[in-house]
């Protein structure tokens, strides 16, 4: 279980950095990470670690942290004129307030009708539906191939994870998978469906993944290299 999060301002290498600090019952060591969705640093403390010890750890990594923050890609809000990589292909967001029909794809454009203040919500809802339309059939095919039943499929706005498989067989996926190449989405679906049979990441698990997709190695590599930048959208 994660504890409540607090914010601490630190002066690191001449700049003020707002640091999220939280405790985690599952953490065994002090950890410093960048939240890819919020593009902010986060300090995770084990239950018995002193906060002062954690802050000293952050200060010891000040150079690394400031470099990582400076290298973060800029946030891309959902608004008229911005571009996002639908299926890894750039598409321009076009707001057409006088149009009817909600949201639709038109060549290399994604057109959003209605009032400007509803654009971001409408677009994210549409992207979730697009993600589900691609994910659900892939889950069904791979679960059938594996001979395993699955539970509910949900598409969520997760902060960092691409997917998860609950013990009851429910599967959850990040809507940002619709921004990746099709073969990356295929790998993530295979990964989570494989957990229906093997709940860990053992050799048997990876053999199962390889039975369900030809893209395990390339999909993992693509996400390691490109995944964090997708959390800047929206």
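The values are calculated or read from the model by the stated rules, or taken from the named source; none is laboratory data. Source: prediction; values computed, not measured. Virtual Cβ from ideal backbone geometry, glycine too; neighbours counted across all protein chains shown.
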(Q) Kindly evaluate residue 234 against the criterion of being at positive phi and at pLDDT below 95. (A) yes
Q.
Quick check on this structure: which one of 100, 176, 159, 128 is modelled with pLDDT under 95 and within 15 Å of the chain's Cα centre (by Cα)?
A. 159
Q) Inside region 209-233, can you point out the residues that are in contact (Cβ under 8 Å) with a residue 12 or more places away in the chain and touching a helix residue (DSSP H, G or I) at 6+ places or on another chain (Cβ under 6 Å)? A) 209, 212, 213, 215, 216, 219, 222, 230
**Q.** Every pair of residues 6+ apart whose Cβ atoms lie under 7 Å, when the first sits in region 190-208 and is farther than 11 Å from residue 169 by Cβ while the second is assigned to a loop (DSSP other than H, G, I, E, B)
**A.** 190/213; 204/198; 205/198; 208/197; 208/198
Q. Among the residues of region 132-153, which ones are under 30 Å from residue 33 (Cβ atoms), surrounded by 15 or more Cβ atoms within 10 Å (Cβ to Cβ) and in contact with a strand residue (DSSP E or B) (Cβ under 9 Å, 6 or more places away or on another chain)?
A. 132, 135, 139, 153
Q | Total residues in region 155-183, condition over 21 Å from residue 213 (Cβ atoms) and either touching a helix residue (DSSP H, G or I) at 6+ places or on another chain (Cβ under 9 Å) or touching a residue at least 24 places away in the same chain (Cβ under 8 Å) (or both) | A | 5
Q: Might you check whether a residue that is surrounded by fewer than 13 Cβ atoms within 10 Å (Cβ to Cβ), modelled with pLDDT under 95 and farther than 18 Å from residue 230 by Cα occurs anywhere in region 67-80?
A: yes
Q) Restricting attention to region 5-40, and to residues there that are loosely packed, with under 10 Cβ neighbours inside 10 Å and out of contact with any strand residue (DSSP E or B) (no Cβ under 7 Å at 6 or more places or on another chain), which single residue is nearest to residue 52 (Cα to Cα)? A) 29
